[in-house]
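Let me begin by presenting the structure, written as structure tokens, before commenting on it.
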Amino acid sequence: MLSPLAKADGRSYSDEQPIVDRDIPTPAGPAPKPVTEPARPSPTSLLLPHIDVKLDFDQKIYWAAMRPSRHPMITMELLQDMMCVQESVRAIMEEGNREQRQHLEYFVAGSQTPGVYNFGGNLAYFADCIQHKDTKGLREYAYACIDVVYGNSVAFHTPLITIALVQGDALGGGFECALSFDVLVAERSAKMGLPEVLFNLFPGMGAYSFLSRKIGTAAAEKMIMSGKVYTAEELNQLGVVDVLADDGQGENAVRDYIARNRRKHNAHSAIYRSRRRIDPVTYDELRDIVDIWIEAAMNLDEQDLRKMIRLATAQERRLDKHA
């Protein structure tokens with residue numbers, strides 16, 4: 001089965017308003033809607049509740065920064081905004097005017113939450129679904145997640161090169177999201193990991209697929225089974241992080257990377273497309289694995305759920321402390 005996306009064949013974020021200064025064509029079809037239809041982007045701006053967007057046509061970059069309303073986790077609302085962003089990118093590249101198409105080459109996904117990229121899945125929601133045997137609700141959420149990471153992993157079916165900018169902790173599904181882009185740039189203080197095994201589960205939204213392609217199946221499995229949280233420097237040495245930046249210099253590192261490689265954009269884009277052809281992460285693969293994840297999640301007992309909730313509570317306390 002194909003996802004909805006598979007049918008198509010230096011200023012800081014805090015200084016910017018979520019308004020696009022060039023026309024963005026309104027996509028022809030409705031956005032994917034896991035629960036309710038997301039707000040439609042207007043022809044002149046893309047205003048979203050949980051993501052700030054900035055189009056830098058001079059540098060040929062589409063910037064997108066997550067800014068969740070409360071805690072930086074992957075909620076259905078954030079997923080809907082991510083789908084809107086993907087749709088707007090494809091609309092520009094497929095339906096936009098020639099100037100727009102020629103002046104976008106890179107997509108960068110970051111976060112506005114200080115010290116955090118994304119903490120991953122909504123663990124409280126997971127626990128509630130499991131306790132109430134709500135397999136349908138859990139499946140709806142999980143399928144929305146793989147719709148998004150699949151779209152990321154194929155660069156939205158465009159020639160853009162996609163970059164994850166990790167300037168803080170990326171855990172669980174947040175790490176999986178970062179892994180789904182072509183290039184991973186991380187600041188030294190950022191930590192990334194897959195803690196799901198600590199509450200008797202595994203990361204089911206792409207970690208195994210993306211890591212095994214990048215560092216091999218054995219190394220990917222070791223990382224997943226360890227539950228360890230790694231430093232950005234450790235992941236750079238392992239080959240997971242592509243560009244290591246000094247703290248506070250993540251955006252500059254992205255700009256430097258683009259400046260160094262701009263003349264090679266055509267080659268790099270073709271190389272990434274070729275990589276996806278010879279070793280593809282297919283939508284069916286992601287769907288099959290997430291079905292295994294749903295089955296495993298529904299098998300968790302009360303002790304496992306208590307551990308899950310304790311982790312979620314610890315994350316919330318950390319954020320409240322620094323709010």
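What the table below lists for this structure:
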quantity	calculated
Unique match (being charged (D, E, K, R) and surrounded by 24 or more Cβ atoms within 10 Å (Cβ to Cβ)) among Glu196, Glu140	Glu196
Of residues in the range 277-311 being outside any helix (DSSP H, G or I) and more than 19 Å from the chain's Cα centre (by Cα), the one farthest from Val148 (Cα to Cα)	Asp301
Residue ranges of strands (runs of 3 or more DSSP E) in the range 145-238 with at least 3 members more than 26 Å from Asp301 (Cβ to Cβ) and β-branched (Val, Ile, Thr)	161-166
Test result for Thr135, within 11 Å of the chain's Cα centre (by Cα) and among the hydroxyl-bearing types (Ser, Thr, Tyr)	no
Exclusive hit being part of a helix (DSSP H, G or I), at pLDDT below 95 and loosely packed, with under 12 Cβ neighbours inside 10 Å, set Ala267, Ala314, Ala259	Ala314
Flag for Arg273 being closer than 24 Å to Leu165 by Cα, in a helix (DSSP H, G or I) and of a type in the set (D, E, K, R)	yes
Residue within the range 248-256 that is within 30 Å of His103 (Cβ to Cβ) and of a type in the set (Lys, Arg) present	yes
Residue count for the range 229-270, restricted to those that are under 19 Å from the mean Cα position of the chain (by Cα) and closer than 17 Å to Asp58 by Cβ	2
Every residue from the range 100-140 that is hydrophobic (A, V, I, L, M, F, W, C), under 30 Å from Arg262 (Cα atoms) and outside any strand (DSSP E or B)	Leu104
Residue that is modelled with the lowest pLDDT [pool: residues in the range 46-75 that are out of contact with any His (no Cβ under 7 Å at 6 or more places or on another chain) and surrounded by fewer than 17 Cβ atoms within 10 Å (Cβ to Cβ)]	Arg70
Test result for Phe210, crowded, with 20+ Cβ neighbours inside 10 Å, of a type outside the set (S, T, N, Q), closer than 19 Å to Val108 by Cβ and at pLDDT 95 or above	yes
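To keep it simple, each residue is scored yes or no on (1) more than 29 Å from Arg318 (Cβ to Cβ); (2) of a type in the set (Gly, Ala, Ser).
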position	(1), (2)
Glu95	yes, no
Gly110	no, yes
Leu123	no, no
Ala127	no, yes
Val149	no, no
Ile161	yes, no
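The values are calculated or read from the model by the stated rules, or taken from the named source; none is laboratory data. What you are looking at is a predicted structure, and each value in this text was computed from that prediction instead of being measured. Neighbour counts are summed over all protein chains in view; Cβ atoms, including those assigned to glycine, are modelled from backbone coordinates with ideal geometry.
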